[in-house]
Amino acid sequence: MALSGEDKKRRKFSFRTYPSVNPWLAFLGTVPVLVSIIVFGVLPASLTIVMSFTDYDGNWATADFVGLKNYFNFFTVLKTDVFSYLWTTLKYALFTILPLQILAVSAALLVNKNFFGRSFFRSLFFMPNILGSTVIALVWKMMFDPISGPFAQMLASFGKNSAFFGDPDISLWLISIVTLWSGFGFHMTIYLAGLQGISREYYEAAEIDGANGWNRFVYITVPLLRQSVTICLWMAISGTLGMSDMVLLITSGNYNTKTFAFFLYDITIKGSMNAGQIATLNLYYFVLTTTIMLTYNHFFRKKEVEL
Amino acid sequence: MKKIVTLLICCLTCFSLLLTSCKKEKNGYDGPVTELKVLNFRVEDKDFYKWFEKEFEKENPDIDIIYESVDTTNYSTLLQSRLTAGEVDVFGSQPTFFTSETYTSRMEDLSDLDIWDGMYDFVLKECTSGENKYIAPTNVVNGVVFYNKKLFADAGITSLPTTWNEFVQVCETLKTHLGGISADKAPIINGLLDSWPINILVDTVEANIVRAENPDWFYDLATGETDMSDPLVTEVMTKVKKISEYFETGATGMQYSLVSGRFATGKYGMMIDGSWQLSQIRAAEPDFEVGTFILPTNNVAAKNVNMCYKTGGGFSVVKGTGNEANSKRFIEFHMRDDVMQKYSDMCKMGPVKDAIHSTDPLAKEFYSNSAYTYVTLAENSFVRGMPGYLTTEVVNLITGRTSVDDAVSNIAKTHNNYSTVWAAYVADWIRLNYPDRV
């Protein structure tokens, strides 16, 4: 939707339009934010880039410039591990992102209806968001305990058993389930806000035209929820690419659950590589995730504009 | 109503202000009090440290100890953040910390303290990095087999196994007696969700295979005379795999913190674990009859005498806090013989010097048994310092994701890849343990 020349003029901000605003005062107002961005964002990021060219390990006095050595290390010593962690991250993202949206939209549709106890269900679905990761991990470790957990008891009644989080074939799936449980409530609220912004008139008009419930959902709800979908997908993608807390708290990266973000955390904590090498890996991952997010942004923005 | 609520809030505020203004006065001392922040990973020792705090502050009224302990899994994360924030003065440490520059760069040299006399030689070596001593050791731990005396007797096992074949036979007998293996009954219990406990099993198996054949095997590894594809490593992995077949169903999904309590229920035959679990077993079920024996992984009975042990933990002082003098007072108090004896009695951990004695009859059996040859745990050599590759491969092995040969091949490959990264640490290890060969 292109803006007309008049619209552009109207929207363009100018201090001349607001003579009462002192430009210096306005600039001064932005200083705290600018400083925090520089101190907490730009400086550490720049330092990471500098570090990646050194063998820095906590002491700048003894750090040497190593050129591109750390960058080439990625393709030699570490490549097998790194690609397997990337593959695990991708699998986790696939297990999580789409089911999370389906679950959140379904829950939003449910609590958008008028029924007794609606507020209760809204609170219930949102509740896991107020629990800390540690509590969530603890609860689910108990739920999936191979001896006393309710799922183990259920399987035992069918003569089956499982190590659950200790089974490399299903462990990642189970962590995805935990993520879905703890995250869908938040996404639900975004979808709910989107649903409540859709005018009833569209549905009434469609009903008069004979559209059934499914058609109304597909041709009215889904297209008009696209903005919410964009936001939720954005958050889900960035969240899954950076997920390390549940892996740390539940399996410590074992049983085929080591995501790339956890791997970065792990090597940093264990000190098994110098900070220069870790900085290089972080930069590689940054380039990868930024590419994914920019591609996503480009694609979905285009769709939104088309709409 | 509004007035009553306002009055109530005012009263509560005044009361809180009054409480906060109350000064903690200890033993008549009302001078300035310095806080000493201590972080440790031994959550099991909380009762001892309650006693310690009281006794220490009685003698040192100018210091207020803020003691905190978290479980091993979360310890590194918390410690790193506390070190970065400058929120810790003394922290629980282990010799494996020497592999990380993050820790070593923050440790204060404790060599000048008057605490080292009479300390076991291997403990001194393990607490030394370069020329300095950075860890004040509080305990020694072993890799042992705990067994359920009643279940052994019920299954008709009258003598303890002394060879590998006898051990496997014991496992089979227990399996038959229990009517098979399930999650709630098995010849051996283990909790491997945290995965690191598998290291104890590997170390315990290794001691009577690798070091029984070649006591200097790790030196040979360090100097490149052998590598991790050695047939002895294959034998270790084969036997680890065999032992894992007698674990309870779903052992890899069970939390380590629950294992000792479940073992004490009496439904499992053995637990191959660290000696630190003794206090947990005793606490879970005081009447539970538990015994111990050395894991006989060799088929020659005379070679099954290697009991692996290591410095299980100690304390290090953080450098550059400005509170180092008080931190050292904490260390000196802790290392006093009477305090260390109390620690050994309450926590049932192994003593670090001859002046301290285990009083628990079972602890005596594995901490000071003249029939055993004590060998340092492989974990404390440079092998385990590398980024957990051994653990990952062993976990893959026991979950059936890889064969013994592939596991050994992967371990050897990764070991070689990382050997340059750890060269300095390995050199230091050789210098300390083989000074005559440097």
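Please report the accessible area of residue B:287 (heavy atoms, 1.4 Å probe, ligands and nucleic acids excluded) in Å², nearest 10.
Residue B:287 exposes around 130 Å² with every protein chain in place.
Quick one: work out the % antiparallel among DSSP beta bridges in the protein assembly as shown, nearest 5.
Working: 27 of 43 bridges.
Rounded to the nearest five, the antiparallel share is 65 percent.
When the accessible area of the protein assembly as shown is computed with all protein chains present and a 1.4 Å probe, what percentage of it is carbon and sulfur?
Numbers: 21830 of 36240 Å².
Here it works out to 60 percent.
With every protein chain left in place, what is the accessible area of residue B:413 in Å² (1.4 Å probe, nearest 10)?
120 Å²
Equivalent-ellipsoid semi-axes (√(5λ), Cα gyration tensor) for chain B, whole Å, largest first?
41, 28, 21
Per-residue accessible area for residue B:429 at 1.4 Å probe radius, Å² rounded to 10?
30 Å²
Ignoring ligands, DNA and RNA, how do B:79, A:283 rank by accessible area with a 1.4 Å probe, largest first? Kindly include the intermediate steps, with their values, before the conclusion.
Values: B:79 0, A:283 35 Å².
The residues order as A:283, B:79, largest area first.
Residues of the stretch B:169-191 losing 10 Å² or more of accessible surface, assembly versus chain alone, probe 1.4 Å, please list them.
B:183, B:184
So how far, in whole Å, is the C-alpha centre of the stretch B:157-199 from the one of the stretch A:187-263?
Measuring centre to centre over Cα atoms gives 49 Å.
For the stretch A:250-257, just list the computed ³J(HN,Hα) in residue order, Karplus coefficients 6.51, -1.76 and 1.60, θ = phi - 60°, integers in Hz, with x standing in for Gly and Pro.
Karplus values, whole Hz, x for Gly and Pro: 9, 10, 6, x, 8, 6, 6, 10.
For the stretch A:69-306, what is the accessible area per residue in Å² when the probe is 1.4 Å?
Per-residue value: 51 Å².
From the C-alpha coordinates alone, can you work out the Kirkwood hydrodynamic radius of the protein assembly as shown, in Å?
Mean inverse Cα-Cα distance, inverted, gives 29.8 Å.
If you take the accessible area of A alone, add that of B alone, and subtract the area of the pair, what total do you get in Å², probe 1.4 Å, to the nearest 100? Show your work: numbers first, answer last.
Details: alone 19400 and 19420 Å², together 36240 Å².
Result for this pair: about 2600 Å² buried.
For peptide A:259-268, what's the mean number of Cβ atoms from other chains within 10 Å of each residue's Cβ?
Working: counts 0, 0, 0, 0, 1, 0, 1, 3, 2, 4.
The per-residue average across the peptide is 1.
Amide H neighbours of residue B:182 under 5 Å, at least 5 residues apart or on other chains, H built in the peptide plane: list them.
B:249
Where only protein heavy atoms count, and the probe is 1.4 Å, what is the accessible area per residue for chain B in Å²?
Values: 18140 Å² over 438 residues.
Here the per-residue accessible area is 41 Å².
Under 10 Å, Cα contacts only: if you run a Gaussian network model on chain A, which one of A:102, A:175, A:136 comes out with the highest mean-square fluctuation?
A:102
Could you please put A:141, B:175 in sequence from largest to smallest accessible area, using a 1.4 Å probe?
Working: A:141 30, B:175 75 Å².
In descending accessible area the options line up as B:175, A:141.
Excluding same-chain residues fewer than 8 positions from residue A:91, which aspartates and glutamates have a Cα within less than 20 Å of its Cα?
A:81, A:167, A:169, A:245, A:266
Going by a ≥ b ≥ c, the root eigenvalues of the Cα gyration tensor, does the stretch A:149-307 fall in the rounded group (a/c under 1.5), the prolate group (a/b larger than b/c) or the oblate group? Working shown, then result.
Values: a/c = 3.63, a/b = 1.45, b/c = 2.50.
Because a/c hits 1.5 or more and a/b fails to exceed b/c, the stretch A:149-307 counts as oblate.
Between residue A:293 and residue A:49, what FRET efficiency comes out of the Förster formula 1/(1 + (r/R0)^6) with R0 = 30 Å and r the beta carbon distance, rounded to 0.05? Please report the intermediate quantities before stating the final value.
Values: r = 19 Å, r/R0 = 0.64.
Once rounded, the FRET efficiency stands at 0.95.
Where a ≥ b ≥ c are the square roots of the eigenvalues of the C-alpha gyration tensor, would you call chain A rounded, which needs a/c under 1.5, or, failing that, prolate if a/b is larger than b/c, or oblate?
Oblate, since a/c reaches 1.5 and b/c is not below a/b.
Return the percentage of antiparallel bridges among DSSP beta bridges fully within chain B, rounded to the nearest 5 %. If you can, show how the numbers build up before the last one.
Details: 26 of 42 bridges.
Given both bridge residues lie in chain B, the antiparallel proportion sits at roughly 60 percent.
Please list A:202, A:71 in order of solvent-accessible area, largest first, computed with a 1.4 Å probe with all protein chains present.
Details: A:202 125, A:71 45 Å².
From most exposed to least exposed: A:202, A:71.
For the pairs B:149/B:342; B:46/B:267; B:125/B:303; B:150/B:185; A:141/B:175; B:125/B:353, flag any whose C-alpha to C-alpha distance is greater than 19 Å.
Numbers: B:149/B:342 28 Å; B:46/B:267 28 Å; B:125/B:303 26 Å; B:150/B:185 14 Å; A:141/B:175 28 Å; B:125/B:353 13 Å.
Result: B:149/B:342; B:46/B:267; B:125/B:303; A:141/B:175 exceed 19 Å.
As an exercise, identify the chymotrypsin sites (Phe, Trp or Tyr not before Pro) in the stretch A:212-268 lying in DSSP coil whose Cβ has no more than 14 other Cβ atoms within 10 Å.
Values: sites: A:214, A:217, A:219, A:234, A:255, A:260, A:262, A:263, A:265; in loops: A:255.
Answer in residue order: no site qualifies.
Which residues belonging to the stretch A:156-178 lose at least 20 Å² of 1.4 Å-probe accessible area when the assembly is complete, relative to their chain isolated?
A:161, A:163, A:166, A:168
Run the simple label-point estimate for residue B:288 and residue A:216 please: 7 Å along Cα→C-beta, distance reported in nm.
Between residue B:288 and residue A:216, the simple spin-label model gives 6.1 nm.
The values are calculated or read from the model by the stated rules, or taken from the named source; none is laboratory data. The structure presented is a predicted model; accordingly, all values stated were derived computationally and were not measured. With ideal geometry, Cβ positions are generated from the backbone for all residues, glycine too; neighbour counts draw on all protein chains shown. Accessible surface is based on the protein model in full, side chains and every heavy atom, while ligands, DNA and RNA are left aside. Shrake-Rupley method; radii C 1.70, N 1.55, O 1.52, S 1.80 Å.
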